[in-house]
1. Please turn the phi angles of the stretch 55-62 into ³J(HN,Hα) values with the Karplus equation 6.51 cos²θ - 1.76 cosθ + 1.60 (θ = phi - 60°), one per residue in order, whole Hz, x for glycine and proline.
2. Quick check on packing: order 21-27, 61-67 by the mean number of other C-beta atoms within 10 Å, highest mean leading.
3. Report the residues of the stretch 75-105 in range of a label on Q45: point 7 Å along Cα→C-beta, backbone N strictly under 17 Å from it.
4. Would you mind getting the accessible area per residue of the chain, heavy atoms of the protein chains only, 1.4 Å probe, in Å²?
5. Taking all protein chains as present, what is the carbon and sulfur share of the accessible area of the chain, in % to the nearest whole number, probe 1.4 Å?
6. Using θ = phi - 60° and the Karplus curve 6.51 cos²θ - 1.76 cosθ + 1.60, what whole-Hz ³J(HN,Hα) does each residue of the stretch 126-134 get, with Gly and Pro shown as x?
7. Which peptide among 92-101, 32-41 comes first, and what is the full order, when sorted by highest mean count of other Cβ atoms within 10 Å?
8. Compute the distance from the alpha-carbon center of the stretch 1-27 to that of the stretch 86-144, in whole Å.
Amino acid sequence: MPSERQARLGDRIRVILAERLEKGLRDPRLGFVTITDVRVTGDLQHASVFYTVLGSAEEREASAKALKAATGMLRSEVGKHLNVRLTPSLEFILDAIPENAGHIEDLLREARERDQAVAGIASSATYAGEADPYVKPRELDEED
């Protein structure tokens with residue numbers, strides 16, 4: 001569980017990087033990049049920046065190379081806007097959220113299809129024994 005200072009620093013780094021990427025880099029390889037999360041280590045020396053790229057696998061790979069090439073410039077940009085003694089090093093990690101979301105969506109679709117199949121089987125099912133298997137109280141005749 002990150003401390004409050006780690007969380008604040010991570011959020012601030014995320015905002016700084018997002019604003020800088022919105023202004024644009026001079027690298028044509030950089031695609032539509034979204035910063036999803038930043039996690040800072042306990043000693044505040046390293047920041048893992050998670051990002052997603054909208055597009056194909058080639059565009060993701062090209063954007064990863066562009067971010068790797070621009071890491072030094074982005075770190076200096078972060079250092080200018082943070083009031084910390086040491087600027088954390090940046091590591092860009094492609095976030096697997098879209099792939100995980102697609103996998104979960106496939107699993108949910110499969111579960112819905114199986115539920116529909118079970119509901120279809122259940123609608124035509126009949127009881128194995130009597131329709132009401134519970135013992136009913138004995139009704140007394142007038143003679144008893």
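1. Per-residue couplings from phi come out as x, 7, 5, 5, 5, 5, 5, 5 Hz.
2. The densest-packed peptide leads the list: 61-67, 21-27.
3. Backbone N within reach: 84-91.
4. Averaged over the residues of the chain, the accessible area is 76 Å².
5. Carbon plus sulfur share of accessible area: 52 percent.
6. Values, residue by residue: 10, 6, 6, x, 6, 5, 10, x, 7 Hz.
7. With the highest mean Cβ count within 10 Å placed first, the list reads 32-41, 92-101.
8. 42
The values are calculated or read from the model by the stated rules, or taken from the named source; none is laboratory data. Bear in mind that the values here come from a model prediction, so they are computed numbers and not experimental data. So basically every Cβ, Gly included, is an ideal-geometry build from the backbone, and we count neighbours across all protein chains shown. The accessibility values were calculated without ligands, DNA or RNA, using every heavy atom of the protein model including side chains. Shrake-Rupley method; radii C 1.70, N 1.55, O 1.52, S 1.80 Å.
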